[in-house]
Amino acid sequence: MSERFFDQIDWSARWFDTVRPYAQQLIAAQDWRACLNRLAGEMQLQNHLGLAVQFIPQEELPEGTAYEAHINATGKVPTRENLHDFFNALVWLSFPEIKRQLNALQAAQIAALGIGKSRGPARDAATIFDENAALLVVENSEAGDDLIEALRLHQWDSAFVQQRSKFDRCAKVWSFGHALMEKLVNPYKAITAHSWVLRVEPQHFALSRDNSLMQIDQLVSQQLLTHGLTTADYTPLPVLGIPGWWEEQNPGFYADQSVFRPPRQKK
């Protein structure tokens, strides 16, 4: 069998925790797309109109039809044989409610504003989430607030060194954006996610992996439903700086200001 586009991926990397179980099923299948649609059917994946989600070849997208609008109108997700669309499909399986709500937001903006050179602020914010978000799940406590504040102020030593023990105990990062995960196939230090903060009760961190993701999916999709999404909602997160995500996290690692940048000075 010839090598497939996903065969050389190191699925043990922490940034693939979100999608690893479904990825392992797809790469073990003789026909990954057939396996993908079987899983979607078993999970009864639907778009926000209640239409069954199916993953179709890109060639079936009608010419001149916007990608997001097609998913909204038909439930059919055009999917190419490449890493970008492969990760997109994996996120649909892993966080179906968030994906459903993002598609609803994007389709509503297209219906209101059409397709132009500019997406408009709301659609732009939804696209950034879809492509490059990392979900920063933090305990709803003073300790959690301190970590969020350090990250927002670009106090990298405080967040990643002094508060290092909080990660996996009362804070956890889950990759979401499919373009983000595509970049992380060949990781480099400067990869930066747009982090979206979700505060949870302390008992969340005692949940099993599957129950944790299910709760995150429900809570974030509800946030997106009730919150007017803007690009100001995101905080830059250099993902290789997340404790435990990279081997070479010595003090000098975080001193690199080309990656761990100081906050912008207000004019």
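Tabulated results
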{"item": "Spatial separation of Cα centroids for region 190-267 and region 1-76, in angstrom", "result": "25 Å"}
{"item": "Rg [Å, one decimal], Dmax [Å, integer] - the chain, C-alpha atoms", "result": "18.8, 59"}
{"item": "Most fluctuating residue given options 154, 204, 227, as computed from a GNM of the chain linking Cα atoms under 10 Å", "result": "227"}
{"item": "Residue among 23, 112, 125 with the largest mean-square fluctuation in a Gaussian network model of the chain, springs linking Cα atoms under 10 Å", "result": "112"}
{"item": "Charge dipole (region 1-101, unit charges on Cβ, about Cα centre) - positive-most of 84, 46, 64", "result": "46"}
{"item": "Cα extents of region 1-85 along the three principal axes, largest first (Å)", "result": "36, 26, 24"}
{"item": "Sorted by Cβ neighbour density within 10 Å, fewest at the top, the residues 197, 161", "result": "161, 197"}
{"item": "Highest-MSF residue in the chain out of 195, 212, 175 [GNM, Cα springs under 10 Å]", "result": "212"}
{"item": "Footprinting exposure proxy for 63, 97, 3 (fewest neighbouring C-beta atoms within 10 Å first)", "result": "63, 3, 97"}
{"item": "Helix 83-94 axis, angle to the chain major axis (alpha carbon atoms, nearest 10°)", "result": "80 degrees"}
{"item": "Angle in degrees between helix 209-226 and the longest Cα principal axis of the chain, rounded to the nearest 10", "result": "80 degrees"}
{"item": "Mean ellipticity per residue at 222 nm, deg cm²/dmol - from DSSP H runs of n ≥ 4 across the chain, formula -39500 (n - 2.57)", "result": "-12500 deg cm²/dmol"}
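Readers should treat all values here as calculations from the given coordinates under stated rules, not as data from a laboratory. These figures come from a predicted structure and were not determined experimentally. Virtual Cβ from ideal backbone geometry, glycine too; neighbours counted across all protein chains shown.
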